[in-house]
Amino acid sequence: MRVRISDDALAVACGADAVAARFAALGHEVVRVSSWGMHWLEPLVEIDGRGYGPVAASDVEAILDGRGKQLAIGVVADHPFIAAQTRLTFARAGKTQPLSLDDYAATGGWVGLERAHDLGAAAIVAEVTASGLRGRGGAGFPAGIKWNTVRLAPGERKYIVCNADEGDSGTFADRMVMEGDPFMLIEGMAIAGLAVGASKGFVYIRSEYPHAIRKMEAAVRLAAPLIAPFEVEIRVGAGAYVCGEETSLLNSLEGKRGEVRAKPPLPAHEGLFGCPTVINNVLTLAAVPFVLAQGAQAYADYGMGRSRGTMPVQLAGNVKYGGLFETAFGITLGELVEKIGGGTDSGRPVRAVQVGGPLGAYFPPALFDTPFDYEAFAAVDGLIGHGGITVFDDSVDMAKQARFAFDFCAAESCGKCTPCRIGAVRGRETLDKVIAGESAASNLELVADLCETMKFGSLCALGGFTPYPVMSAITHFPEDFGPRTQEAAA
Amino acid sequence: MADLYHILAAHDGREGPLLPILHDVQAAFGHVSEEAIRAIALHLNLSRAEVSGVVSFYHDFRRTPDPRTAIKLCRAESCQARGSEALAAEAERSAGSRVRVETVYCLGLCSVGPNAMIGEDLHARLDGAKVAALIGAM
Ligand SMILES: Cc1cc2nc3c(=O)[nH]c(=O)nc-3n(C[C@H](O)[C@H](O)[C@H](O)COP(=O)(O)O)c2cc1C
Ligand code: SF4
Ligand code: FES
């Protein structure tokens, strides 16, 4: 029998290798594929299109004997979690072997790159601009405009840099692309190279992702002849969150301390080694082959307002049905958390969700009607960032979460500007006083002042956005910051 | 330190070779020593202060050796929401002085936490007993 099991790091962390080994030991052919992204079901086993999960090695015989009913989920592709999605970037998820060039070509791979060769630089950029694709790394800057700046920048040498630092808690879509569909990312980078006249690309992957690093290295070797003369090289980060910030990342690639650079100059004018550089998130570049293969309009047809296309939303934390949910912009936060995510994994009520990683705001269920869209989130003092949603149940202490935001900022600050470096430490101390019940009201005012200073006086969003989680926690969950009685603290 | 010179030579001609070199040195020796910093600086035509500054900036590089094996426990928000803080205390208890418990902020497995990494091996859906067993087997 042919058995399909993912080799994605999450499936492996949940025990997929032992399950695969058990099937193999019993004489079955095991094919390691990418993950469908239904994480609560991993390790997911697929036999003739039908799924079982989560499977332990000790379940294997029962499944083979037809006794695995309680693990059966029916036809995987028809599962409501999959059927409800619009998978453009994750179209191959669960379906192909990540390092199979045959699988990639058989599922529309390289069609975008071929078309890009025919179109030429200006027309590629026009296509990407018309698609409305915005940067998926957090800031939502239009990709086409960035590319055009680099295309028009004078310079013999230009670079494409893929930001695969994915440091935000609650996010894993970049990792899943790199481990599940690495050729798509490489194709996107090669198209970017043609668009701006760059012949070299770097992928900067965080060191916490050893599996993604190995997959990408293997994929780059396999794809080299297909993208030549464009070249891609994999580089590994060294455990600094701030290196996800684009100018810090460039310094890191150059072998320097990962300090943030003042802008201007923009990386598009003076980026890596002083050369014009496109720096884009994994998901941004991974969306490009679709745009080129199917045309800008096919992408722009999805979404709402100025948020076009799809967003691979990541459901994480204390959520029942966690995983990768790619959908057109416009779906509400509540639909994602309650309907798709099924509420909390603990079975307790949802109390808060943090959207957009450690620099994103905490939302109470009262704001669940907010549509997933860059502008709509900004309007309620939040951000969608890289699309991660972390769910918390009613046992969460929001004062602790606010304190953690300062703590994280203090630990990861690059140290270049005072509001971030000092402000985060002061903020943490002040919140400690609030938590200890020392003149809560005046100390909270102090925190608000500090946040204003950080917001407007920081060079980058690490210091500048730390006020989002802090102030949203205080604003939406004031009861956690009040003077505490003995029993409430217990 | 013959190995060090092999590492340096292996990166000759690379653009921005310092981080790849430091990763290899850290992997080969478990830390980046004063001696290594001196040799790297000389080889890349940098000052020792520059190389030291880079080593100290990044959490992955250690200046001094630590013979203990390490377990990296994720303590970022999504794992917090699934109980990582209680686990951290349990891990410290089990580790004693034999194992080093490090904090990592996110392993990209945020829907199945709490999570940990030992070497390159990932472990998900941890609870107190599983963490104690993992550390016991290290
Ligand atoms: C502290 C900080 C961390 C960041 N981390 C990441 C990251 O891990 N990945 C990413 O793509 N962008 C990250 N960004 C955003 C980048 O600076 C930049 O906007 C992005 O790489 C641009 O690509 P895009 O236009 O495709 O989104 C971070 C920004 C800041 C301020
Ligand atoms: S805000 Fe913080 S991380 Fe950003 S440049 Fe300033 S000190 Fe560095
Ligand atoms: S927060 Fe722990 S793995 Fe992402």
Query raised in the report: Could you count how many residues in the range A:377-404 are within 28 Å of residue A:327 (Cβ to Cβ) and surrounded by fewer than 20 Cβ atoms within 10 Å (Cβ to Cβ)?
Result: 5
Query raised in the report: Across the range A:380-401, which residue is farthest from the other protein chains (Cβ to nearest Cβ) among those that are under 22 Å from the mean Cα position of the chain (by Cα) and of a type in the set (A, V, I, L, M, F, W, C)?
Result: A:380
Requested in this report: Kindly indicate whether residue A:157 is among the basic types (Lys, Arg), at pLDDT 95 or above, surrounded by fewer than 18 Cβ atoms within 10 Å (Cβ to Cβ) and over 24 Å from residue A:375 (Cβ atoms).
Outcome: yes
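Listed here are the residues, each with its yes/no results for (1) under 30 Å from residue B:136 (Cα atoms); (2) at pLDDT 95 or above; (3) more than 7 Å from every other protein chain (Cβ to nearest Cβ).
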{"position": "B:18", "(1), (2), (3)": "no, yes, no"}
{"position": "B:51", "(1), (2), (3)": "no, yes, yes"}
{"position": "B:61", "(1), (2), (3)": "yes, yes, no"}
{"position": "B:77", "(1), (2), (3)": "yes, yes, no"}
{"position": "B:104", "(1), (2), (3)": "yes, yes, no"}
{"position": "B:108", "(1), (2), (3)": "yes, yes, no"}
{"position": "B:122", "(1), (2), (3)": "yes, yes, no"}
Report task. Among residues belonging to the range A:237-270 that are within 16 Å of ligand 3 (Cβ to nearest atom) and touching a residue at least 40 places away in the same chain (Cβ under 8 Å), point out the one that is farthest from the chain's Cα centre (by Cα). Result -> A:237
Query raised in the report: Within the range A:321-336, how many residues turn out to be within 10 Å of chain B (Cβ to nearest Cβ) and either surrounded by fewer than 24 Cβ atoms within 10 Å (Cβ to Cβ) or under 15 Å from residue A:386 (Cα atoms) (or both)?
Result: 3
Query raised in the report: Only one of these conditions is not met by residue B:45: (1) of a type in the set (S, T, N, Q); (2) surrounded by 14 or more Cβ atoms within 10 Å (Cβ to Cβ); (3) farther than 30 Å from residue B:85 by Cβ. Which number is it?
Result: (2)
Report task. Mind listing whichever residues of the range A:4-29 are surrounded by fewer than 19 Cβ atoms within 10 Å (Cβ to Cβ) and either assigned to a strand (DSSP E or B) or of a type in the set (S, T, N, Q) (or both)? Result -> A:29
Query - Extreme residue, farthest from residue A:255 (Cα to Cα), among residues of the range B:57-80 that are in contact (Cβ under 8 Å) with a residue 12 or more places away in the chain and of a type in the set (A, V, I, L, M, F, W, C) - result: B:79
Report task. Output yes when any residue across the range A:294-306 is more than 14 Å from every other protein chain (Cβ to nearest Cβ), of a type outside the set (Asp, Glu) and crowded, with 24+ Cβ neighbours inside 10 Å, and no when none is. Result -> yes
Requested in this report: Please determine, by comparing only the residues of the range B:82-138 that are acidic (Asp, Glu) and either out of contact with any strand residue (DSSP E or B) (no Cβ under 6 Å at 6 or more places or on another chain) or in a helix (DSSP H, G or I) (or both), which one is nearest to ligand 1 (Cβ to nearest atom).
Outcome: B:120
Report task. Among residues belonging to the range A:115-162 that are within 15 Å of residue A:230 (Cβ to Cβ) and of a type in the set (A, V, I, L, M), point out the one that is farthest from ligand 3 (Cβ to nearest atom). Result -> A:121
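The values are calculated or read from the model by the stated rules, or taken from the named source; none is laboratory data. None of the values given here were measured: they were computed from a predicted structure. So basically every Cβ, Gly included, is an ideal-geometry build from the backbone, and we count neighbours across all protein chains shown.
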